[in-house]
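The values are calculated or read from the model by the stated rules, or taken from the named source; none is laboratory data. Keep in mind that this is a model prediction, so the values were computed, not measured. Here the Cβ is made from the backbone with ideal geometry for all residues, glycine too, and neighbour counts use every protein chain on show.
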There are 2 protein chains.
Amino acid sequence: MAASWISRQLTLSLQKNLWLSAPGCRYVSKAAAKAQMEFDYDGPSMKTAVPGPRSQELTKQLGDIQNVGAVNFFCNYEESRGNYLVDVDGNRMLDIYTQISSIPIGYNHPALLKLMTNPNNLSTFVNRPALGILPPENFPDKIAESLLSVAPSGMTRVQTMACGSCSNENAYKAMFIWYRNKERGYKTPSDEDHSTCMINQAPGCPDLSILSFMGAFHGRTMGCLATTHSKVIHKLDVPSFDWPIAPFPKLQYPLEEFTRENALEEARCLEEVEDLIVKWRQKGKPVAGIVIEPIQAEGGDNHASPDFFRRLRDIARKHGCAFHVDEVQTGGGGTGKFWAHEHWGMDDPADIVSFSKKLLTGGYYHKDELQADKPYRIFNTWMGDPSKNLFLSEVLNVIRRENLLEEVTRSGKALLNGLYELQAQYPGILSRARGQGTFCAIDICDGATRDTILVKARDKGVLLGGCGDRSIRFRPALVFKEYHVHLLLNIFNDVLANHK
Amino acid sequence: MAASWISRQLTLSLQKNLWLSAPGCRYVSKAAAKAQMEFDYDGPSMKTAVPGPRSQELTKQLGDIQNVGAVNFFCNYEESRGNYLVDVDGNRMLDIYTQISSIPIGYNHPALLKLMTNPNNLSTFVNRPALGILPPENFPDKIAESLLSVAPSGMTRVQTMACGSCSNENAYKAMFIWYRNKERGYKTPSDEDHSTCMINQAPGCPDLSILSFMGAFHGRTMGCLATTHSKVIHKLDVPSFDWPIAPFPKLQYPLEEFTRENALEEARCLEEVEDLIVKWRQKGKPVAGIVIEPIQAEGGDNHASPDFFRRLRDIARKHGCAFHVDEVQTGGGGTGKFWAHEHWGMDDPADIVSFSKKLLTGGYYHKDELQADKPYRIFNTWMGDPSKNLFLSEVLNVIRRENLLEEVTRSGKALLNGLYELQAQYPGILSRARGQGTFCAIDICDGATRDTILVKARDKGVLLGGCGDRSIRFRPALVFKEYHVHLLLNIFNDVLANHK
């Protein structure tokens, strides 16, 4: 029975009247417009507490194989569709977390299912190539029609990787290689470079550093982890590098009331960045690159102004550091632009932009000069996965065809306005509503209350995630419409009303 | 036309007489038995020099997007089958390199194509979950029937990851966490642990180390790279850790003539391991784990005796270090056993065994005590990919159904015997023939000659890879039969004969 919905999809084609209707939901604020999507449910439908009995049974089973402390519940992905995630106990939830922000156009989108049934695509799934040495015939075309069609300003080169951490690790390596080539005056590396690098010693393995920000999250492999500073649990007990860490601006909200304070705060942080660059150069550990998220996501949805990023980019240029914008979570349209850095309004926003999650493949764009000078310096067996590029091409087609970035802007406006209203209604619980597009967040009075609210919302059929110490982050798919915003806000309001 | 063969597969089912016959090939040694495979070609067929004009055109095109210095040629994966890789110029090569040893059962195996057409599997491809928090219903079962069914002795727990580097990075983290918990007497981490780890400093980010071996290859992300010591190009310009590096035995061949010398060499290396463990403990950088490949692959197919590994495992135990066997390249059956460490004949071969490549998913097995004590310590967004587990299940079915490990043992014996014969015939060019199963290698008189031979073999329709400074490594798929061995040996002989 598991794949019955998908089977119907393939055999019966799309029939709008096929969708089940959901139990009614109390609408306390606005009337919600009917969903225009062909592959969505009408609303949440809860049958059991979550995790239900079947999820608990499977968690126990998986517990014999893995640590299951982070498992929320088990999912029925076959029956999930659009904005709705269905669990193994038949509960259907409006999904505002989307697999940690990694599902671009909802579950089981018909365009992606169709792609799977095209025999021309089978070989791409069955024969995974070593892309760096034996790429498939259509690889340049697929890259051009997918990743290059959404390349950040000033970038014509892109390297695919398997995941976000690998993308950042290799981006860091590209910055180190670029920096050392500059230092050497583009001369051939010395014999000493060669002999020392094999035993992990300088000058072959130089004492270079990457400057990152407190609150940042760039991944969990050991290079990335040295630039991650969001939660203790990520870093404890893992050896690291002595690299500089700058403060990220702590903005006060509402922004319009704290213009002067926030400008001073951003100036303070930028000054600290320059101080650290100088200090680490003096320590003999020059900063080869600066890495930053356009919005610190895992760290608590921390924003800074476009001006902050423009000035940071200038500082990087002034001190000869590469500027790496990590768009692993922000990239792919959630902010209403394909890349969050587009909100800065710059022609030359970065030297490197890394991505993963909603892009389905990992990787990074880079300026010409950041390309490693020799083959096999940035390399691994798979170098990504063409089957993911295939899905990405189709996701981009859907985004264009359905004007999803405009939709996100529209839904995001409704969402943020709704959060402002709720914040005014529940000042003891909510504060600091903020966001770009549907990439929104709000703070809860404390971490324990935040966690309680997340569970209560889930029991009412809305799946949300936390970030930072006491924030809730909203990460719907790009097919999240105004209709869903109101559904969400009403349920959220119910939870808050009962919490009083 | 690209997918025509696959389309025929799906519509006409398997018809043996459908396969094209190949131009004849001069057999100088043994008569080759006819291939018993239903999805293989009869032999190589070369139309152009390699890379041919179409490959060159595509390389130029891709060069505008990426560094293409490592690209050999472009492939037509749709027309490739079994042991044969077809390129975009219509050249069909017997593939003894298999995408850097990552294709387990050949190209377009009918069992894998069939899996793709089952509608029950579609959702697994289209909806990639965040496995650590929201696994699919069939995840425990799929893991049990795939990875757990081939678990190394003493291991009942497994963690999937996206690639080999991520697998090793996370295995290292698991060893560090395990070691620090021991050091703390399993007490709660201190406030100082918590505060210092956020700024990359000890004791929160402790000065622990991983002991690795000269010539090793464990990946290219920054933790892995600190344990990789095979080639300058991998390591140059990337900051590293001051971790101990032991010598790997340099065995003299033929083994039976150098029993005493090789035993002494292995004893010398083991003594050095113990010295380094003591020295690094005294330096305040205790060795939390030892990582080793059962056969150093990238580093030149360097072997050691089962006794060496058994004694190394004892040293790890004696000094309280975890013992991590990296089977990323050796795992999956190429040595004639599913894991190369099975040749050591131990009940308790390791604390951690990592894998990727032929397993199609990355990951690592571990003993119970190596499981991180809390969730989110070993974690990332995807934690692997269930669609790869699906393929792996089917690959394991094929391995069992077709007795492929026995076939590998048989083919491997024929291959190694053939290499011994060629080595006797061309003593000025060849030496040190060695191998387990079909995981074989031979040394060439010098690196330049090796590279010339690789190109000449390719021009005659055999795709081989190098390793180390002057070795050729043989890495056929598990469906490489005795018939293919003789085909390979005859062409290899032709190349050597013309090289004289």
Scanning for something under 30 Å from B:Leu430 (Cβ atoms), touching a His at 6+ places or on another chain (Cβ under 9 Å) and not in a helix (DSSP H, G or I), does region B:256-270 turn up at least one residue? no
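Only one of A:Ala162, A:Ala144, A:Ala111, A:Ala171 is under 17 Å from the mean Cα position of the chain (by Cα) and farther than 25 Å from A:His343 by Cβ; which? Let's see the steps before the verdict.
Values: A:Ala144 fails: under 17 Å from the mean Cα position of the chain (by Cα); A:Ala111 fails: under 17 Å from the mean Cα position of the chain (by Cα); A:Ala171 fails: farther than 25 Å from A:His343 by Cβ.
Testing whether each residue is under 17 Å from the mean Cα position of the chain (by Cα) and farther than 25 Å from A:His343 by Cβ leaves just A:Ala162.
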Could you list, in sequence order, the residues of region A:236-249 that are over 15 Å from B:Met222 (Cα atoms), surrounded by fewer than 24 Cβ atoms within 10 Å (Cβ to Cβ) and within 8 Å of chain B (Cβ to nearest Cβ)? A:Leu236, A:Ile245
Going by the conditions given, is A:His229 under 18 Å from A:Asn168 (Cα atoms), free of Cβ contacts under 8 Å to residues at least 40 places away in the same chain and within 9 Å of chain B (Cβ to nearest Cβ)? no
Answer with yes or no whether B:Phe492 is buried (at least 21 other Cβ atoms within 10 Å of the Cβ), outside the structural domain of B:Gln329 (by the TED database) and in a loop (DSSP other than H, G, I, E, B). no
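Is one or more of the residues making up region A:322-332 part of a helix (DSSP H, G or I), buried (at least 21 other Cβ atoms within 10 Å of the Cβ) and touching a strand residue (DSSP E or B) at 6+ places or on another chain (Cβ under 8 Å)?
Scanning region A:322-332, I find no residue that is part of a helix (DSSP H, G or I), buried (at least 21 other Cβ atoms within 10 Å of the Cβ) and touching a strand residue (DSSP E or B) at 6+ places or on another chain (Cβ under 8 Å), so the answer is no.
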Any idea how many residues of region A:292-324 are more than 17 Å from A:Leu405 (Cβ to Cβ), within 19 Å of the chain's Cα centre (by Cα) and in contact (Cβ under 8 Å) with a residue 60 or more places away in the chain? 11
Residues of region B:201-221 being out of contact with any Ser or Thr (no Cβ under 7 Å at 6 or more places or on another chain) and either at the interface with another protein chain (Cβ under 9 Å from one of its Cβ atoms) or assigned to a loop (DSSP other than H, G, I, E, B) (or both), in sequence order, are B:Gln201, B:Pro206, B:Asp207, B:Leu208, B:Ser209, B:Met214
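State yes or no: is B:Asp307 at pLDDT 95 or above and within 25 Å of B:Arg180 (Cα to Cα)? Spell out the reasoning first.
Details: at pLDDT 95 or above: yes; within 25 Å of B:Arg180 (Cα to Cα): no.
Spelling it out, it is not the case that B:Asp307 is at pLDDT 95 or above and within 25 Å of B:Arg180 (Cα to Cα).
Is there a residue being within 30 Å of B:Ala246 (Cα to Cα) and either in contact (Cβ under 8 Å) with a residue 40 or more places away in the chain or not in a loop (DSSP other than H, G, I, E, B) (or both) anywhere in region A:130-142?
Quick first cut of region A:130-142, residues within 30 Å of B:Ala246 (Cα to Cα) only: none.
The answer is no, given that none of the residues of region A:130-142 is within 30 Å of B:Ala246 (Cα to Cα) and either in contact (Cβ under 8 Å) with a residue 40 or more places away in the chain or not in a loop (DSSP other than H, G, I, E, B) (or both).
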So A:Arg410 clears everything in (1) in the same structural domain as A:Lys142 (by the TED database); (2) surrounded by fewer than 19 Cβ atoms within 10 Å (Cβ to Cβ); (3) within 26 Å of A:Leu488 (Cβ to Cβ) except one condition, right? Which one? (1)
Could you tell me which of the residues B:Leu94, B:Leu62, B:Leu85 is part of a helix (DSSP H, G or I), at pLDDT 95 or above, assigned by the TED database to the domain that holds B:Gly466 and of a type in the set (A, V, I, L, M, F, W, C)? B:Leu62
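From the set of residues in region B:101-117 that are touching a strand residue (DSSP E or B) at 6+ places or on another chain (Cβ under 7 Å) and not polar (S, T, N, Q), which is surrounded by the most Cβ atoms within 10 Å (Cβ to Cβ)? Don't jump to the end; show me each part of the working.
Residues of region B:101-117 touching a strand residue (DSSP E or B) at 6+ places or on another chain (Cβ under 7 Å): B:106-108.
If we keep only those that are not polar (S, T, N, Q) as well, we get B:106-107.
On the way: B:Gly106: 25, B:Tyr107: 27.
Filtering first and then ranking leaves B:Tyr107.
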I'm trying to understand the selection: among the residues of region A:143-177, which are small (Gly, Ala, Ser), at the interface with chain B (Cβ under 10 Å from one of its Cβ atoms) and not in a helix (DSSP H, G or I)? A:Ala151, A:Ala162
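Could you tell me whether A:Gly299 is within 14 Å of chain B (Cβ to nearest Cβ), in contact with a His (Cβ under 8 Å, 6 or more places away or on another chain) and in a loop (DSSP other than H, G, I, E, B)? Spell out the reasoning first.
Values: within 14 Å of chain B (Cβ to nearest Cβ): yes; in contact with a His (Cβ under 8 Å, 6 or more places away or on another chain): yes; in a loop (DSSP other than H, G, I, E, B): yes.
Yes.
Checking the condition outside any helix (DSSP H, G or I), at pLDDT below 95 and in contact with a Pro (Cβ under 9 Å, 6 or more places away or on another chain), which residue from B:Phe39, B:Phe73 passes?
On the way: B:Phe73 fails: at pLDDT below 95.
Selected residue: B:Phe39, the only one of B:Phe39, B:Phe73 that is outside any helix (DSSP H, G or I), at pLDDT below 95 and in contact with a Pro (Cβ under 9 Å, 6 or more places away or on another chain).
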Can you find even one residue in region A:455-468 that is in contact with an Asp or Glu (Cβ under 6 Å, 6 or more places away or on another chain), assigned to a helix (DSSP H, G or I) and at pLDDT 95 or above? no
Within region B:47-63, tally of residues that are facing chain A (nearest Cβ under 7 Å) and either surrounded by 22 or more Cβ atoms within 10 Å (Cβ to Cβ) or among the charged types (D, E, K, R) (or both): 1
Pull up region B:78-113, narrow it to residues that are farther than 25 Å from B:Pro53 by Cα and hydroxyl-bearing (Ser, Thr, Tyr), then point me to the one that is farthest from the other protein chains (Cβ to nearest Cβ). B:Ser101
Boolean, A:Pro189 is part of a loop (DSSP other than H, G, I, E, B), modelled with pLDDT of 95 or more and within 7 Å of chain B (Cβ to nearest Cβ): yes
Note: among A:Ser149, A:Ser195, just one is within 17 Å of A:Gly332 (Cβ to Cβ), in the same structural domain as A:Thr228 (by the TED database), in contact with a helix residue (DSSP H, G or I) (Cβ under 9 Å, 6 or more places away or on another chain) and surrounded by fewer than 17 Cβ atoms within 10 Å (Cβ to Cβ), namely A:Ser149
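Are there strands (runs of 3 or more DSSP E) fully within region B:333-444 with at least 2 residues that are touching a Pro at 6+ places or on another chain (Cβ under 9 Å), within 13 Å of chain A (Cβ to nearest Cβ) and small (Gly, Ala, Ser)? List them.
Values: elements: B:352-355, B:362-366, B:430-436, B:439-444.
Counting at least 2 such residues, we get no strands (runs of 3 or more DSSP E) at all.
Going by what's in this entry, would A:Val485 be described as among the β-branched types (Val, Ile, Thr), in contact (Cβ under 8 Å) with a residue 40 or more places away in the chain and closer than 24 Å to A:Gly52 by Cβ? Working first, answer last.
Values: among the β-branched types (Val, Ile, Thr): yes; in contact (Cβ under 8 Å) with a residue 40 or more places away in the chain: yes; closer than 24 Å to A:Gly52 by Cβ: no.
Taking the combined requirement at face value, the residue does not satisfy it.
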Can you say whether A:Leu478 is in a helix (DSSP H, G or I) and under 21 Å from A:Ile103 (Cα atoms), as far as the supplied structure shows? no
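What about B:Lys456, is it within 18 Å of B:Thr335 (Cα to Cα), crowded, with 16+ Cβ neighbours inside 10 Å and not acidic (Asp, Glu)? Spell out the reasoning first.
Values: within 18 Å of B:Thr335 (Cα to Cα): no; crowded, with 16+ Cβ neighbours inside 10 Å: yes; not acidic (Asp, Glu): yes.
No; evaluated as a whole, the condition is false for this residue.
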So for region A:268-290 (the condition being in contact with a helix residue (DSSP H, G or I) (Cβ under 9 Å, 6 or more places away or on another chain) and without any contact (Cβ under 8 Å) to a residue 12 or more places away in the chain), does at least one residue qualify? no
